[in-house]
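As structure tokens, the structure follows; a few thoughts come after it.
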Amino acid sequence: MPSLFKQIQAGTVWDFHGGIHPPARKTQTNQKPIATLPMPDRLYIPLRQHIGVPGQLLVQIGQRVLKGQALTSADNSMAVPVHAPTSGVVLSIAPHTSPHPSALPELTLVLAPDGLDEWRVREPLNISHCDKVQLLNRIQDSGIAGMGGAGFPTHLKSGVAQPVDYLIINAVECEPYISADDLLMQEAATTIVKGIDILCRLLSPKAVLIGIEDDKPIATAAMKAACSQREHYYVRTVPTKYPSGGEKQLIQLLTNKEVPNGRRPIDIGIVMQNVGTAFAVAQAVLDDHPLISRIVTVAGDTLSQQQNVLALLGTPVSDLLDACGFQPEHKQRIIMGGPMMGFTLPDLSVPVVKTTNCILAPTVAELPAATEEMDCIRCSACADACPASLLPQQLLWYSKARDNEKLAEYNLADCIECGACAYVCPSEIPLVQYYRVAKADIREQQREALKAEQAKARFEARNERLEREKQERLERNQQLAAARQQQQTSGAGNAVADALARIKAKQAQAAPQDEQNKAQILAERELKKQQAREYQQQKAQQQAVEEHAEQHSQTPATSNSTDSKAAAVAAAIARAQAKKAAQKPEQLIKPAQSVDEMNKPVRAAEADPRKAAIAAAIARAKAKQQAQTETESETKTETETTAPLIAADAVNKSAVESNAASAIEDPRKAAVAAALARAKAKKQANAEPTEQTEASTTDPVVPETVVAETVVAEDPRKAAIAAAIARAKARKQADSENS
Ligand code: SF4
Ligand code: SF4
């Protein structure tokens, strides 16, 4: 038995299970050349036109773009950019009805063509000087996705790492009405083969198999002619049967290989590309012409000009229909795609995209609407027609029951939604619609399960992280505790010594303060005692002076020698007081003063020894001055007559009293007061005869003395004067009594 490759080389073609033979209805379009449409007023360009994610937007509203300029960029492998089909201005970027059975809005860029059709700078590549990476990047950057209907990114399919045995070019185009690939092969077979060359450069297959249905003789001839110079390029015609263009079905037709359930063709060494994709690859690499247009079959009996047109991507369906003489009828249906796998459009503003190969506008008679669904009669016609060897009636039951496990068990995922089962169903059951809903439900459940799985993984990762951090904290704390324990063990004696040293330092710091406080208390106590003694002494002296004055007043007949002695005693007392005041001026404080006031000099001295020394020096100087003054006054008094002595006695007494009182407050004031008293005494002594005469006729002695003492208590000078007057009066009275 010849090997598989020998059989392929020999032109062997196999068959697949099931399939149907609907009316082809291709002659209305495959006999006419490709038409060119007038420039539309607006182009609606969805940012995602493939299986994957949209690219990053590169333009903004109001920006003018050139033909072929990228509107988005491919920032990851699953992204494919879109390009401006012509030059113009970006009017808006907003959601618009998508060319999808769900009709959900997709982000769409609206471009207003300026009619100039101005190209951007183009940089064709020389494939003989390019490596695979450059070629793949050019394919991706040109926005090429599978043009057979799936829309899978071509650069991913062309950059596989697995070894490739066969590169299959799908040119079957089995669905009724559609002839876009047929016309493309008829008119651009050479470019298609150049595109196949580029794909072979990327995949390095053993052989290239180009599958074409046997109802396309012109296209087949054109492709054979274009491939005549290529070794291992094999153009194979396959019987016209729907769905021969299915990936798995065509692989089985050309290689007799079956793709296992849940696997991809690359897993058996096969890569399949659409013939339109090969053409787009050649344009992208050799002409730097991105995917901005495609051939679309516009068919249906409501059109006066059924034909294939080269439509810019983004052209509204309404523009295509208008260009082909569209005459809508009541309840007109417009189908994007063929009658078997297409879907009805919600409105005519839906644009042409990369996967749009046909716009069908049939009449009601031509393509009747589905009638009312009836119950399944279990005829198994659907199973016989299924090219994937599935059991469509079981899938129907489980789809209605939403039993996803059973659906998986019956390989719903292998359903290619060809519609062959529904086409043959006598009960008019829209089986494919049920399968699409079930698939969407399963996808949603899978997304939810994936989310739950990811959330669970995050939760577990978080728990692991928390546990790890907890263990790390525990270990760290244990290490710190061990270090502390070791430190305490090694330095226990030092710690005790340190504690004792701290206590001693505190005590040493507190001792001077305590000593200072103790000395201060003793000084205050001694000061109080001394003040008390001085007060007693001063009081005793004052009593002695008063008694002496009283004796003089009671025995005025005594001799002048007695008065002079009393004056001398008084002067001696005054000098003693002045000396004391000079020695400790700050201690001559009134007994009524508070302890705080008495302590002020001490505190001041403690606070500032220099100030205290200066104050003491000043006080001593003043006391000396006062003492000298007193000595001079005493000497002068002793040399004068008896009357002046008596007056001086009185003046000195009052001066002593005054000085004693004022010296307590200010030694300087005391000296001034003493000088004033002496001056007045002299003056009084000079005027004594007149005063004695006047005094002999006035009041008795006792009241005068009382008045004098009262005045002394209030004003020392007045007191001195009053005392002198009183003594003079008393002497005068005594003289008068003696006589
Ligand atoms: S073809 Fe229709 S009626 Fe017949 S078994 Fe399938 S689903 Fe049921
Ligand atoms: S639509 Fe699915 S189940 Fe029906 S014939 Fe096609 S592959 Fe089979």
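Side notes on the structure shown:
- Solvent-accessible surface (1.4 angstrom probe) belonging to Met272, in square angstrom, nearest 10: 10 Å²
- Evaluating 6.51 cos²θ - 1.76 cosθ + 1.60 at θ = phi - 60° for every residue in region 169-181, the Karplus couplings come out as 9, 8, 10, 6, 6, 7, 6, x, 6, 7, 9, 5, 5 Hz, glycine and proline recorded as x.
- Residue-count net charge about Lys67 - beta-carbon cut-off 13 Å; Lys, Arg +1, Asp, Glu -1: -2
- Exposure check, 1.4 Å probe, all protein chains in place: Ile335 carries approximately 10 Å² of accessible surface.
- The portion of the accessible surface of region 377-490 made up by carbon and sulfur, rounded to a whole percent, is 50 (1.4 Å probe; DNA, RNA and ligands excluded).
- Å² per residue, accessible surface of region 377-490 at 1.4 Å: 68 Å²
- Listed residue pairs exceeding 32 Å between alpha carbons, taken from Lys216/Lys248; Lys67/Lys241; Lys32/Lys439: Lys67/Lys241; Lys32/Lys439
- Contour excess over end-to-end distance, with Cα ends at Lys528 and Glu472 and 0.36 nm allotted per residue: 12.8 nm
- Alpha-carbon centroid distance for the pair region 372-419 / region 278-352, whole angstrom: 31 Å
- List Leu116, Leu474, ordered by accessible area with a 1.4 Å probe, largest first: Leu116, Leu474
- Counting Cα-Cα pairs of region 377-490 in 5 Å increments starting at 0 gives whole-percent bin shares of 2, 11, 15, 13, 9, 6, 5, 5, 5, 4, 4, 4, 4, 4, 3, 3, 2, 1, 1, 0.
- Arg443 versus Leu104: modelled label distance in nm, points set 7 Å from Cα along the beta carbon direction: 0.8 nm
- Using the Karplus relation 6.51 cos²θ - 1.76 cosθ + 1.60 with θ = phi - 60°, the per-residue 3J(HN,Hα) values for region 4-9 come to 4, 5, 5, 5, 5, 4 Hz, with x marking Gly and Pro.
- Once backbone amide H atoms are built at 1.01 Å from N, Asn256 has Trp14 as its partners under 5 Å, excluding neighbours fewer than 5 places away on the same chain.
- Backbone HN-Hα couplings from phi across region 214-220 [Karplus 6.51/-1.76/1.60, Hz, Gly and Pro as x]: 6, 8, 10, x, 5, 5, 4
- Amide H partners (placed H, <5 Å) of His289, local residues excluded: Ala284
- DSSP-assigned coil residues among trypsin sites (Lys or Arg not before Pro) in region 373-410, each with at most 15 further Cβ atoms within 10 Å: Arg378, Arg402
- With every protein chain in place and a 1.4 angstrom probe, the accessible-area ranking of Asp181, Asp319, largest first, reads Asp319, Asp181.
- Here each label is just a point 7 Å from Cα along the line to Cβ, and for Glu123 and Lys504 those points are 8.7 nm apart.
- Surface accessible to a 1.4 Å probe, Thr190 within the full protein complex, Å²: 90 Å²
- Counted charge near Ala483, where neighbours are those whose Cβ lies closer than 13 Å (Asp, Glu -1; Lys, Arg +1): +1
The values are calculated or read from the model by the stated rules, or taken from the named source; none is laboratory data. Small disclaimer: the values here were computed from a predicted structure and weren't measured. Glycine also receives a Cβ, built like all others from the backbone with ideal geometry; neighbour counts cover every protein chain displayed. Please note that ligands, DNA and RNA were not included when accessible areas were found on the heavy atoms of the full protein model with its side chains. Shrake-Rupley method; radii C 1.70, N 1.55, O 1.52, S 1.80 Å.
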